[in-house]
Amino acid sequence: MNGGIELSFSLNGEPQNVMAPPAERLTKLLRERLGKTGTKVGCDAGDCGACTVLVDGDPVCACMMASAQVNGRTVTTIEGLAANGSLSKLQQSMLHHGAAQCGICTPGMIVSAAALLEKTSTPNEDEIMDALGGVLCRCTGYRKIIRAVMDAPEFAEAPQRSNSGAAVGARLNRVDGDAKVKGTELFAADAGFANSLLIRAIRSPYHRAGFRFGDLKSYVSAHPGVECVLTAEDIPGRNLFGVIPPFADQPVFAEQETRFRGEAVAAVVGDTEAIEALDLSNFPVEWEELPHTLLPSDALEETAPQLHENRPGNQMTSGLVRCGDQEAGFRQSAATVKGRFSTGYIEHAYIEPEAGAARRVGNRVEIKVCTQAPYMNRDDIAAILGIAPEQVRIMPTAVGGGFGSKLDLSTHPFLAIAAWKLDRAVRMVYTRPESMASTTKRHPSEITAKIAATQDGKLCAMEFEGIFNTGAYASWGPTVANRVPVHASGPYHIPNYSARSLGVHSNGPVSGAFRGFGVPQSAIAQESLFDELADALAVDRLEFRINNALENGIPTVTGQVFDQGCGAKKCLETLRGRWQSARTNAATFNANSKNTGRRRGVGLSGLWYGCGNTSLPNPSTIRVGLRDNGTLVLFSGAVDIGQGANTVIAQICADAVGLPVEAMVFVNDDTDLTPDAGKTSASRQTFISGKAAFLAGENLREKLLRFANVSNEARLALDGTSLTASEGDATHRIDLASLAIDNEGFVALGEGTFDPPTSPLDENGQGNPYAAFGYGAQMVELEVDEALGTVKLLKLTAVHDVGRAINPTLIEGQIEGGSAQGIGLALMEEFIPGRSENLHDYLIPTIGDVPPIESIILEEPDAFGPYGAKGLGEHVLVATAPAILNAIRDATGATIRNLPATPDKVRSAIVAVQTQQVSDEAG
Amino acid sequence: MGNFSRPTCLDDALRNMENGSWRILAGGTDFYPAQGDRPITENLLDLTAIPELRGISQLDDGWRFGGLTTWSDVIKASLPLAFDGLKAAAREVGSIQIQNSGTIAGNICNASPAADGMPPLLSLSAEVELVSPSGTRRMPLDDFVTGVRSTSCRPDELVRAVHIPAVSTGSRSAFLKLGARRYLVISIAMAAVLIDSNDQGKITRARIAVGSCSPVAQRLIGLEQRLLGESAASGLSELVTGGDISVLNPINDVRASASYRLSAAEELVRRALEEAVRPGVEAS
Ligand SMILES: Cc1cc2nc3c(=O)[nH]c(=O)nc-3n(C[C@H](O)[C@H](O)[C@H](O)COP(=O)(O)OP(=O)(O)OC[C@H]3O[C@@H](n4cnc5c(N)ncnc54)[C@H](O)[C@@H]3O)c2cc1C
Ligand code: FES
Ligand code: FES
C-alpha cells in the first residue's frame, strides 16, 4: 500500500485531498498525515472511544475505520467544533462544570455529545448515557460530564473571576481548561520533535524466561530504515532504576533473564514507516520459558525461584505499627470478628498510554514525556546515561491520567538511550496492551484481620496482617509496606493494635503506586469487619463508628495526637440523617412483595489518609514573580495530571499575593525552568506545593508592599504596567517600568519552600508520620438482583474533610472520579497477567455504572495547610469499595471478601447465605 | 503489504474474488482490534461501498437484511414486534460507535461465542445467503456458524444477506444480556425468545436461544417443544427447568464461572419469556 490512494473528503467543513494507504486506521490519517491530534488514541481497539469522530454526522471509532471508508464523506473532529476558535456552548459547559480533568477523553466525549445534541436539544440522563456509553473516562466519574451535556443547549454562564484576594474558595474554571475542551492540549503522543525516529520495544511473552538474541546486525541490515537495535549493552550508565533509590532494582533491558511478562529485552529504532512495517513477533530472539510464581503464597515457598539475590525468600520489605497490649485488649472484648480478604492486581487504566519524545542537544538530552515526577525521572535517567542530572531536561507534556503509575519510568529510558546514542530525535508510543503489560499496578493483597470491641461498643484490640504482592520489582512496594500499618486502623481509636505488612516479590507485573498506596485494600478488611462487629454487639453501624472515631486530642495508632484539624468524627456525624432515611427507604422497598428478588441495602465506610510522604522529607518549592510589563508569572513544577494542581496552586498563590488569577501566566513543569515541587502523589500537591505557593505569594507580596511602603492591609491591583496599592483612602500607584529588574526580567520575585513536619517512626511504628491527615465517610445505597447477583448502585453520598475547599468544583471532581475507581475496585476490576491486557477484558466503569453522587465538603482547617487545606486526591477512593461491600451485605446478608464482587461471586455468596438459612431452619 | 479493493457493486467484488485470496472488511470492529499493531499483509476487500449489500427489505417470503446492515440500521428500522429481540440486541452491541460501524454479517462471520446477534437471529430462524463467483447458496444460520471463530463461509464467498422467514404480526420477542458493566461489555450470558400464539392465546411456536454459554449460541429445543400449547401469559417461565439449560456447555473464564453462566442463562430465559408474553405490547 505504498504511497496509498487519493482520498477526498470534507474535514471540518474544508475539502481535503490526501494520499493515504487505504487500510490505514483513520486515526492515523487524521493525527499523523493531517495533524489533527485532537482525536486521541487510547486503545486502537474500539474499547475507549477517545478516537470518536463523526462521519456523516454519526459517531464512529476512527481507530477501527479504514481511511478509504471516508472517501466522499464528511468527517468532523473536535477541531471542527469550536466555531472560529471560540468555544461552543457544549465546550463552555464542559469547562464550567469541570467535566474535563486530564482531558484525554474530552474530545471523544464532546464529539459524541455534539452528535446527540444535533438530534435532541433537551436530552435526558438516559439518552446522554446511551450517547456517551462508548467513551471511557478514568478521571471524572462521569457525573459532571452528564451535567455539562444537559446544561449545554442553554449554557450562558460567564466564567467566574477571582477578584483580588478572593480566588480561594471560588469555582474558577481550570486555568488550563480551554485547550482540553478544544482538543488542542498536547499529550505525550501529540508532542514531539521534527523528523523523529520511532522506537518499539521487544518484550518477554513469558512470566519468566531466559533468552538469546539471534543475529541482530543482519536483522538491522535486512530491514532498510531500521537504524539499530538497542539492548542492555547499549546503556552508557547503569542498567538500573527505581523510584526509591535504596530499592532500585529494575533494569531498562533485562539481561539473561526476564522477571515478568512484558519486560523489555531490546528496542528497535528506525524510520516510522520501517518500524511500523515490522512484525515484532519475527524479531530474532529465542525464549526459554522458566518456572515462575505469580502469588505470594507460592513465592514464599522455600523452593520458589528467587527474584533478587539480596532479598532472600522473595521478601522485599515489611512494616509494623504496634501500640498497647494486644492480649490484654482481646481479653476485654465482648465481641471479636475476623476474616481473610483478598484483592487482585488493579490496572490504572488511564486513557493515555505512555508516550514520549527525546532529542540530544549537545551534551544534554531533552525528554518530553507524560510523567508525575519530573525531577525523580531526571535523576534516574541521568544515572542510566551516566551523566549529571543537570544534563537531563524533563519537559512534561499534558498527562492523560496517571493515578500513580506515571511516577515510574516507562518510555523515558528508551527515548533517552536512543537519542543519546544516535544523536537523532526519537519518539515512542506504547500500545494499550504494552502499557497494560509493562507498567505498574495496584498491589494484590491478602489480608487477615481480627478486631474486638467491649460491651459498651468501644474498640479494644485489632490485629492485622497484610501480604502485598509487589511483583517483579520493588517500585513503590516499600511505601505500601510502610503506609498500610499506619492506616489499617481506619480513622478510629484503637488502644491495643498490631499491624504488619509484608511485600513479596513474584513474577507478576510490577506493583507500584496507585491512588492510596495499599490503604484502599486495608480499608476493605477493616471496614467490612466493623459492620460485623457492630452487628455482633447489636449496635447501629454508624453509631459504632462515631463512638470510636478519632478527634482532636485522641491518639492515632502511631501515638500521634492532633490538637487541631481532625475531622474524622464530624464526617461520620454528617451522615446521621441520611443514614437513617436511607435505611428506612431500603427497608420499605424490601418489605414490598412487588420487589421480590430485588434487595436494597445501605453501606458505610469511614476513611483517613495521611498527606505527603510517610515520615520522609518531601519539600516543594514554588516561585512567583512580577514583570515590569505587569504580568505575574507563576513557576510551578507540581505536575497537573488532571486533578487540578495548576489551578489550585494558582488560586492559593494569587490570594497570597493579593492579585487575581487572571493576571497570571504560567510556567509549568520543566526541570530547566521550574523549581522542584516533588512528585504528584501521596495527595501532597495541594497541601505541600500549595503551601509553598502560599509562602511564595506572601514573599512576593511583602516585596510589592515595600515598593509602595504600605502595610499588609493594603489592597493590590494591576492596571496595565502599573501596580496600585490602596490603604484606607490613599492609593499609591507604582510604575513598574520605572523599577529595576533582575536578570530574568522581574521587578520582584517571591519564592516559597515547604516541607511538612513529620518524625521518623520507631521500631514499633510509633511517631508522627504525617503533618496532617484528611478524613471522610461515604455511604452507598444499592440494589442487588438476587438471582443474577448483579449490583445496581443507586446513590453514593461522600463526606470529605478537605480542610479548606480551594476550588469546590475540582474537589467534587476528585470525589466523583476517585469514587468511580472505587466502584471499579469493588465490582469489576482485576488484572490477570497475560489475559486482560486490554480494555475489552479489563473492565472499568462506564458512564452507566456510576450513580448520582452527593458530595458534602467539610472544612476542618489544618494549621499547616495553605488556607487550612488538606490533600484529597487519594482519600476519595478509600471508602467506596468497603461501603459497597457493606451495602451488598446489608441487602442480602452475603459477605464478599475476595474482590471484585462480580455477579458470579455475589450470586454464590447469596446462595451460600440461603443454604445456611435453610440448614439453620432445618436444624 | 496487501492489496486493497473497495468496489461499488457486487459484480466487481465477485470479479475481484476470482483473483487471489481476499479478506473481507466490513465495519472493521472485529478486524482492527484483532489486527493489533501488526502490519496488514492480507489483501482486503472492503464491502462498505456496495449499496445493495446494506439495508432491510420486506420480501414476499420474509425479510432480507443485507449483510452490511449495521446495528444502527436495525435499531432505526421500522419492523414488526418479532424483531424487538433483535433490536434489543442491536442496542446492546458495544456502544453507539460500534453500532454505527459493526454489521450483521461481520458479527456472524466473526463467530464469537458471545456474538449478541446470534441468539435473536437463531430465534428468528435466520438463513444466510452466501455468494461467490460461482454462484449463491443459502443455509440455516445454525449450520453457518460451526464453532468458535469458524463458519461455513468459503474463502471465495461472502455473506450477501441474512433472510428471516415471514413473521406473524402476533409474534413477540425479547432479548436479555448480562454483562459485568452497563456499556461496552461482552456478554456473560444472553437469551433470546420468540413466541407465536393463536387466537386462544396458546403457544404455536417457540424459539429460544442462549448465547455465551456454548461454543456457538444454541437453541433450547426441548423447552421450545414443551412450551407448545401452553398459555402465552405471565407465569410461563415456571415451565423452565434446570434440565432445559443442561444442554449448554459453558466455559470458565475471566468473565464468569461455568456454573454461574448456567444459572444466569436459566434466569435470563425465564425473564425473556415473561417479557415476551407481557401484555400491552402493541405493534408500532
Ligand atoms: C469495543 C467493542 C465492543 C463490542 N461489543 C460487542 C457486543 O457487545 N456484542 C457483539 O456481539 N459484538 C461486539 N463487538 C464485536 C463487533 O463489533 C461485532 O461483531 C460487529 O457486528 C462486527 O461487524 P463488522 O462489520 O465490524 O465486522 P468486521 O470487523 O469488518 O469483520 C469481522 C469478520 O467477519 C468477516 N466478514 C465481515 N463481513 C463479511 C461478509 N459480508 N462476508 C464474509 N465475511 C465477512 C471479516 O472478514 C472478519 O473476519 C464489539 C467490538 C468492539 C470493538
Ligand atoms: S482508540 Fe479508538 S476506541 Fe480507543
Ligand atoms: S478527564 Fe476523562 S480520562 Fe481524564
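The values are calculated or read from the model by the stated rules, or taken from the named source; none is laboratory data. Because the structure is a prediction, the values reported are computed rather than measured. Cβ placement follows ideal geometry from the backbone for every residue including glycine, while neighbour counts extend to all protein chains displayed. Quick note on the areas: whole protein, heavy atoms, side chains included, nothing else; ligands and nucleic acids left out. Shrake-Rupley method; radii C 1.70, N 1.55, O 1.52, S 1.80 Å.
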Hey, if you drop one equal point scatterer on each alpha-carbon of segment A:5-80 and run the Debye formula without solvent, what base-10 log of I(q)/I(0) do you get at q = 0.11, 0.24 Å⁻¹? -0.21, -1.11
Pairwise FRET efficiency - B:Asp61 versus A:Asp215, Cβ, R0 = 51 Å, nearest 0.05: 0.20
In terms of the charge dipole of segment B:1-129, which places +1 on Lys and Arg and -1 on Asp and Glu at the beta carbon, the residue among B:Gly62, B:Ala49, B:Ala82 farthest towards the positive end is B:Ala49
DSSP beta bridge pairing in segment A:395-531, given as percent antiparallel to the nearest 5: 45
Output the DSSP H helices from chain B with an along-axis C-alpha extent of no less than 18 Å and a mean Kyte-Doolittle hydropathy no less than -1.0. B:258-277
State the three equivalent ellipsoid semi-axes of chain B, derived from the C-alpha gyration tensor as the square roots of 5 times its eigenvalues, in descending order and whole Å. 33, 21, 16
Share of accessible surface on carbon and sulfur in segment A:5-80, whole %, 1.4 Å probe and ligands ignored, is 43
Segment A:5-80, dipole about Cα centre (Lys/Arg Cβ +1, Asp/Glu Cβ -1), debye to the nearest 20: 140
Among the DSSP beta bridges whose two residues both lie in segment A:590-678, what percent are antiparallel, rounded to the nearest 5? 45
Theoretical FRET efficiency, 1/(1+(r/R0)^6), r = Cβ-Cβ of A:Ile857 and A:Leu739, R0 30 Å, to 0.05: 0.15
For the protein assembly as shown, what is the Kirkwood hydrodynamic radius in Å, using each pair of distinct C-alpha atoms? 31.8
Report the local net charge at A:Asp755: Lys and Arg +1, Asp and Glu -1, summed over other residues whose C-beta lies under 12 Å from its C-beta. +1
Mind grabbing the base-10 log of I(q)/I(0) for segment A:83-161 at q = 0.15, 0.17, 0.21, 0.23 Å⁻¹? Debye formula, identical points on the C-alpha positions, no solvent, two decimal places. -0.45, -0.58, -0.91, -1.09
Skipping prolines and chain starts, which residues have an amide H placed within reach, meaning under 5 Å, of the one on B:Val128, given they are 5 or more residues away or on another chain? B:Met139, B:Leu141, B:His163
Can you list residues from other chains, or at least 5 along the same chain, whose modelled amide H is less than 5 Å from the amide H of B:Glu230? B:Ile203
Calculated [θ] (222 nm, deg cm²/dmol) that DSSP helices of n ≥ 4 give over the protein assembly as shown, each run adding -39,500 (n - 2.57): -8000 deg cm²/dmol
Per the 1/(1 + (r/R0)^6) rule, R0 = 56 Å and r from the Cβ atoms of B:Asp12 and A:Glu327, FRET efficiency to 0.05 is 0.05
For segment B:184-196, Karplus couplings with θ = phi - 60° (6.51, -1.76, 1.60), whole Hz, Gly/Pro x: 6, 9, 7, 5, 7, 7, 8, 9, 10, 9, 9, 10, 10
Return the long-range amide H neighbours of A:Cys460 (sequence gap of 5 or more, or a different chain), with a cut-off of under 5 Å between placed amide H atoms. A:Ala452, A:Ala453, A:Thr454
Segment B:172-277: relative contact order from alpha carbon pairs under 8 Å, six or more residues apart, as a whole percent, is 30
Over the Cα atoms of segment A:620-754, what is the Rg over Rh ratio if Rh follows Kirkwood? 0.99
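How much length would be gained if the chain were fully extended between A:Glu286 and A:Val913, taking 0.36 nm per residue of separation minus their Cα-Cα distance, in nm to one decimal? Mind dumping the intermediate values first?
Details: separation 627, 0.36 × 627 = 225.72 nm, distance 5.18 nm.
Length gained, A:Glu286 through A:Val913: 220.5 nm.
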Against the 2.2 N^0.38 Å scaling, with N counting residues, where does segment A:773-856 land? I'd like the Cα-based Rg ratio to two decimal places. 1.27
Segment B:6-70 shape via C-alpha gyration tensor axes, a/c threshold 1.5: oblate
In whole Å, what are the extents of segment A:74-212 along the principal axes defined by its C-alpha atoms, from largest to smallest? 64, 42, 32
For A:Lys458, the aspartates and glutamates lying under 20 Å Cα to Cα, once residues fewer than eight places off in the same chain are dropped, come out as A:Asp325, A:Glu327, A:Glu527, A:Asp531, A:Glu532, A:Asp535, A:Asp540, A:Glu543, A:Glu551, A:Glu573
Given A:Lys144/A:Lys679; A:Lys406/A:Lys441; A:Lys180/A:Lys870; A:Lys119/B:Lys76; A:Lys36/A:Lys180; A:Lys144/A:Lys180, which pairs have Cα atoms separated by over 18 Å? A:Lys144/A:Lys679; A:Lys180/A:Lys870
Percent of all alpha-carbon pairs of segment B:81-154 at distances over 17 Å, whole number, is 46
17 Å Cα-Cα reach of A:Lys421 towards aspartates and glutamates, excluding residues that sit fewer than 8 places from it in its own chain: A:Glu227, A:Glu233, A:Asp234, A:Asp271, A:Glu366
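Let me check something: with ligands and nucleic acids excluded, how do A:Lys40, A:Lys368 order by accessible area (1.4 Å probe), largest to smallest?
Working: A:Lys40 5, A:Lys368 45 Å².
Listed by decreasing accessible area, they come as A:Lys368, A:Lys40.
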Taking a straight Cα-to-Cα line shorter than 24 Å from A:Lys594, and setting aside same-chain lysines fewer than 8 residues away, one finds A:Lys792, A:Lys795, B:Lys177
Residue by residue through segment A:730-746, which ³J(HN,Hα) values in whole Hz follow from phi under the Karplus form 6.51 cos²θ - 1.76 cosθ + 1.60 (θ = phi - 60°), with glycine and proline marked x? 7, 10, 9, 10, 10, 7, 4, 5, 7, 8, 5, 10, 7, 6, 9, x, 9
Extreme residue, positive dipole direction of chain A, given options A:Pro305, A:Ala663, A:Thr680 (C-beta unit charges): A:Ala663
When only Cα pairs under 8 Å and 6 or more residues apart are kept, what is the percent relative contact order across chain A? 13
Computed for B with A: buried accessible area summed over both chains, 1.4 Å probe, rounded to 100 Å², at 3900
Put A:Arg147, B:Arg23 in order of accessible area, largest first, 1.4 Å probe: what do you get? A:Arg147, B:Arg23
Can you pull out the GluC sites (Glu not before Pro) in segment A:227-318 whose DSSP state is coil and whose Cβ has at most 15 other Cβ atoms within 10 Å? A:Glu255, A:Glu301, A:Glu302, A:Glu309
So what are the ³J(HN,Hα) numbers for segment B:95-108, from phi and the Karplus equation (6.51, -1.76, 1.60; θ = phi - 60°), rounded to whole Hz, Gly and Pro as x? 8, 4, 4, 5, 5, 6, 9, x, 10, 5, 4, x, 5, 7
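Report the rotationally averaged projected area of segment A:666-743 based on its alpha-carbon convex hull, in square nanometres.
So the mean shadow area of the Cα hull is 6.8 nm².
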Provide a whole-number value for the mean count of partner chain Cβ atoms within 10 Å of the Cβ atoms in peptide B:87-100. 6
Hey, what did chain B get for relative contact order, percent, Cα under 8 Å, at least 6 apart? 16
